[in-house]
Amino acid sequence: MWQAMRMRTNCVALAALAVLLAGCGNGGGASSGSSASEISAPAVNAVAADSSKPPVLVGFENTMTGTFAFPAFADGFAAGVKYVNEELGGINGSPLTSTLCASDGTPDGAVNCGNQFVQSDVVLSVLGFDYGADGILPVLKAAGVAEFGYQAITPGMNNAVGQAFFASPSTQEAYSAAVVAQKGLGVRSLATVMPDLPPMHDYFATVVEPAARKVGIAIRAFYYPATGPDWASFASSVVATQPEGITLYVGDADALAAIPAFRGTGFTGVIDASTSTSVIPKLSPQVLEKVIFVNPFFNNLYAESALSPKVKADLAAFNRHIKPDPASYTFAQAGFFDAVQAADMLRQVAAKTGAPLTRQTVLQNIASTKGGMFFRDGTYDCSTPSWPGTTSCTSGFNYAEVGADKKLTPLANSPVDVSSVRVTG
């Protein structure tokens, strides 16, 4: 039972962070069929790296064994490195190379990765997916190595300002954006459904409730047993308080049970199902009406008409270099993103210093990097955390609703602007 509770807890934590849930809950992933995942186009103005130049070595840490292993993340990263070298000219002409450290999801595993990276003399440590990742930070700090990754899913990574830099919005913004998104849809009273765990109580008290107060939404938290409730009776007790909107912090399996349960009570308001997009092909259009989903960047579930030319080009590049299994799509996409964004930052550091990259020059200059984002239309800027006290370099979550063809279409207020509720210090 403890193992089941741990799986549910971690999947819920990811939902709360609005990160990649393809492997959680029921194991579902991106739906198959005609979609933006099929966008493909030949490379335009591709420039290959110069193999005669010294390579730039980065370390890539990812959980490859154990309950929470996500090898698709590593596959996506390798494909991203290939794209950087074959089409983007590497790092200002030098090939980008990487050494993979297969972690087991424990702090000790992360420490081992840190030692491996220091011994290999990497210029940057890149994080895939690892619940034990905080263990690497003291090793990297002692050696003067910067950390970069897609999402800070652990407290240490989220708080390691000046040491770590992440290219997705912070945990705090994820919770706040959920409130602001509901406000934008006209919701005046909100029920937030969370597992009965200490971190969730803390986030509600310190982030969610203050955000709701700032935008004028009446809010109430409902905590369900971490091992899972009887969703029919639980939904009835929530709806009895007459909320106009409901935000679910659940994994995919619970979302598949919870959404119909809330609709079964007669509730017709907005339901925020976070990142549990695997439920879309399994639920009827009637049940999915006014159900919204969130992702930091665009993926294969969006209607092609909803994508900008820039995002279409990004997805086409992805599809030229990797064809992941549908259930692994989002993790492979995140790994690809890691490689492309890390390369962009390293190019800027190399151009700024005018010298070969070292761990010292990267750590000293990575905070000045800024520019466009892959798989989305926004920008990043690592000079100032997008949420004070965090390691996030960017802001903005994409919220979307389900169209008649079961493809996602962005909401009018997407990406959600949290400036009205962001803390100021």
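The values are calculated or read from the model by the stated rules, or taken from the named source; none is laboratory data. Quick caveat: nothing in here was measured; it's all calculated off a predicted structure. Reconstructed Cβ throughout: ideal geometry from the backbone, glycine too, with neighbour counts over all protein chains shown.
For every residue, the table says whether it meets (1) modelled with pLDDT under 95; (2) surrounded by 23 or more Cβ atoms within 10 Å (Cβ to Cβ); (3) touching a Pro at 6+ places or on another chain (Cβ under 9 Å).
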| site | (1), (2), (3) |
| --- | --- |
| Thr67 | yes, no, no |
| Asp108 | no, no, no |
| Asn112 | no, no, no |
| Val118 | no, no, no |
| Val126 | no, yes, no |
| Val139 | no, no, no |
### Message
Suppose we filter Val122, Val126 for residues that are among the hydrophobic types (A, V, I, L, M, F, W, C), within 30 Å of Ala43 (Cα to Cα), assigned to a strand (DSSP E or B) and touching a residue at least 12 places away in the same chain (Cβ under 8 Å); which single one remains?
### Response
Val126
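Would segment 78-93 turn up any residue that is assigned to a loop (DSSP other than H, G, I, E, B) and crowded, with 18+ Cβ neighbours inside 10 Å?
Taking segment 78-93 first, the residues assigned to a loop (DSSP other than H, G, I, E, B) are 89-90, 92-93.
Keeping just the survivors that are crowded, with 18+ Cβ neighbours inside 10 Å gives 89-90.
Yes.
Here is a yes/no grid of residues against (1) among the aliphatic types (A, V, I, L, M); (2) more than 22 Å from the chain's Cα centre (by Cα):
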site	(1), (2)
Ala255	yes, no
Ile259	yes, yes
Val270	yes, yes
Ser278	no, no
Lys282	no, yes
Lys290	no, yes
Val294	yes, no
Glu304	no, no
Leu307	yes, no
#### Entry: Within segment 395-406, tally of residues that are modelled with pLDDT of 95 or more and either in a loop (DSSP other than H, G, I, E, B) or in contact with a Gly (Cβ under 8 Å, 6 or more places away or on another chain) (or both)
0
### Message
Of the conditions (1) buried (at least 21 other Cβ atoms within 10 Å of the Cβ); (2) in the same structural domain as Gly186 (by TED's automatic domain parsing), Leu363 satisfies every one except a single condition; which number is it?
### Response
(2)
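Test Ala339 against the stated conditions and say whether it is out of contact with any helix residue (DSSP H, G or I) (no Cβ under 7 Å at 6 or more places or on another chain), modelled with pLDDT of 95 or more and among the small types (Gly, Ala, Ser). Steps first, please.
Numbers: out of contact with any helix residue (DSSP H, G or I) (no Cβ under 7 Å at 6 or more places or on another chain): no; modelled with pLDDT of 95 or more: yes; among the small types (Gly, Ala, Ser): yes.
When the stated conditions are applied, Ala339 does not pass them.
Filter segment 245-271 for residues that are of a type outside the set (A, V, I, L, M) and assigned to a loop (DSSP other than H, G, I, E, B); which is surrounded by the fewest Cβ atoms within 10 Å (Cβ to Cβ)? It would help to see each step written out before you state the result.
Within segment 245-271, the subset of a type outside the set (A, V, I, L, M) is 245, 247, 249, 251-252, 254, 260, 262-269.
Next, from what is left, pick out any that are assigned to a loop (DSSP other than H, G, I, E, B): 249, 251, 265-269.
Working: Tyr249: 31, Gly251: 29, Thr265: 14, Gly266: 8, Phe267: 21, Thr268: 11, Gly269: 19.
Only one residue fits best here, namely Gly266.
Quick grid of which residues meet (1) part of a strand (DSSP E or B); (2) modelled with pLDDT under 95; (3) of a type outside the set (Phe, Trp, Tyr):
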position: Ile153; (1), (2), (3): no, yes, yes
position: Met157; (1), (2), (3): no, no, yes
position: Phe165; (1), (2), (3): yes, no, no
position: Ser168; (1), (2), (3): no, yes, yes
position: Gln172; (1), (2), (3): no, yes, yes
position: Val180; (1), (2), (3): no, no, yes
position: Val187; (1), (2), (3): no, no, yes
position: Thr192; (1), (2), (3): yes, no, yes
position: Pro199; (1), (2), (3): no, yes, yes
#### Entry: Qualifying position, being among the acidic types (Asp, Glu), surrounded by fewer than 18 Cβ atoms within 10 Å (Cβ to Cβ), more than 15 Å from Gln151 (Cα to Cα) and in the same structural domain as Pro71 (by TED's automatic domain parsing), among Asp405, Asp325, Asp417
Asp325
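Name every residue in segment 224-236 that is surrounded by fewer than 16 Cβ atoms within 10 Å (Cβ to Cβ), over 15 Å from Asp252 (Cα atoms) and not acidic (Asp, Glu), in order of residue number.
Step one: of segment 224-236, the residues surrounded by fewer than 16 Cβ atoms within 10 Å (Cβ to Cβ) are 225, 227, 230, 232-233.
Adding the requirement that they be over 15 Å from Asp252 (Cα atoms) leaves 225, 230, 232-233.
Scanning segment 224-236 gives Pro225, Ala232, Ser233.
Is it the case, given these coordinates, that Thr394 is without any contact (Cβ under 8 Å) to a residue 12 or more places away in the chain and of a type in the set (Ser, Thr, Tyr)? Can you show your working first?
Details: without any contact (Cβ under 8 Å) to a residue 12 or more places away in the chain: no; of a type in the set (Ser, Thr, Tyr): yes.
Considered against the rule, which asks whether it is without any contact (Cβ under 8 Å) to a residue 12 or more places away in the chain and of a type in the set (Ser, Thr, Tyr), Thr394 comes out as no.
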